[in-house]
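J.: Sharing a structure below in structure tokens format, with a few things to ask.
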Amino acid sequence: MIGSLRGSVVDKNPEGEIVIEVAGVGYRVSVNPRTLGDLSEVGAEAFVHIHHHIREDDQQLYGFATLIERKCFESVIGAHGVGPALGMAVLATLPPDELRQAVATEDVDALCLVPGVGKKTAQRMVLELKNRLDVAGYEADGLISDPEIPSSALTDVREALNQMGFGPDEVRHAVEGLQGDDTSTMLREALQRMNR
């Protein structure tokens, strides 16, 4: 099993795949848009945490910028009916802290923002991930971002931005650190941030 790779980035494509050359061998690695953006340019050295997914007829490497991302991915794909493609979509839409917050607060609407996740799948994921993610420790550590903002307001803003056609990274950056409890005011602020 491959746990991590350090080597030279020899190819990056916007569809979410990179090639890292280690000791003369090029490894094709699927990454989410956030990790793709964090990686160095072609020719520079990079380090990624790897989940080596092995099936009977296929092997695939999934790369993550942080160990926490990889562990969250492994927890997500351990849920019934969630494969690696959907797991990558979950982390592309909800970074680990937001995913853990959604599970801790049973925010099914936040999980429904993930392409391919309906209400029933989101409810099942909340139930299964509560046992897999360290949600209790997460709440105790006070790591939930902006706890004074009702999660429904943040969810409404995220959903509105998604429906306007903004990508997961743009949405995440726009809602990061928003203050207030009024959805329309928060949405206006998020849109102003995107226009800067």
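J.: Does Met194 satisfy being crowded, with 17+ Cβ neighbours inside 10 Å, modelled with pLDDT of 75 or more, part of a helix (DSSP H, G or I) and touching a helix residue (DSSP H, G or I) at 6+ places or on another chain (Cβ under 7 Å)?
T.: No.
J.: Take the residues in segment 166-189 that are under 18 Å from the mean Cα position of the chain (by Cα) and in a loop (DSSP other than H, G, I, E, B), then tell me which one is surrounded by the fewest Cβ atoms within 10 Å (Cβ to Cβ).
T.: Gly177
J.: Confirm whether Glu21 is over 17 Å from Pro84 (Cα atoms) and either of a type outside the set (A, V, I, L, M, F, W, C) or over 15 Å from the mean Cα position of the chain (by Cα) (or both).
T.: yes
J.: Give Pro84, Pro33 a once-over and let me know the one that is within 19 Å of Pro115 (Cβ to Cβ) and free of Cβ contacts under 8 Å to residues at least 60 places away in the same chain.
T.: Pro84
J.: While we're on this one: Could you list, in sequence order, the residues of segment 154-186 that are aliphatic (A, V, I, L, M) and within 27 Å of Met88 (Cβ to Cβ)?
T.: Matches in segment 154-186: Leu154, Val157, Ala160, Leu161, Met164, Val171, Ala174, Val175, Leu178.
J.: Can you tell me which residue within segment 150-169, out of those that are touching a Ser or Thr at 6+ places or on another chain (Cβ under 6 Å) and farther than 12 Å from Leu187 by Cα, is modelled with the lowest pLDDT?
T.: Per the stated criteria, the residue is Ser151.
The values are calculated or read from the model by the stated rules, or taken from the named source; none is laboratory data. On a predicted model such as this, the values are computed, not experimentally measured, just so you know. Note that we place each Cβ from the backbone using ideal geometry, even for glycine, and neighbour counts take in every protein chain shown.
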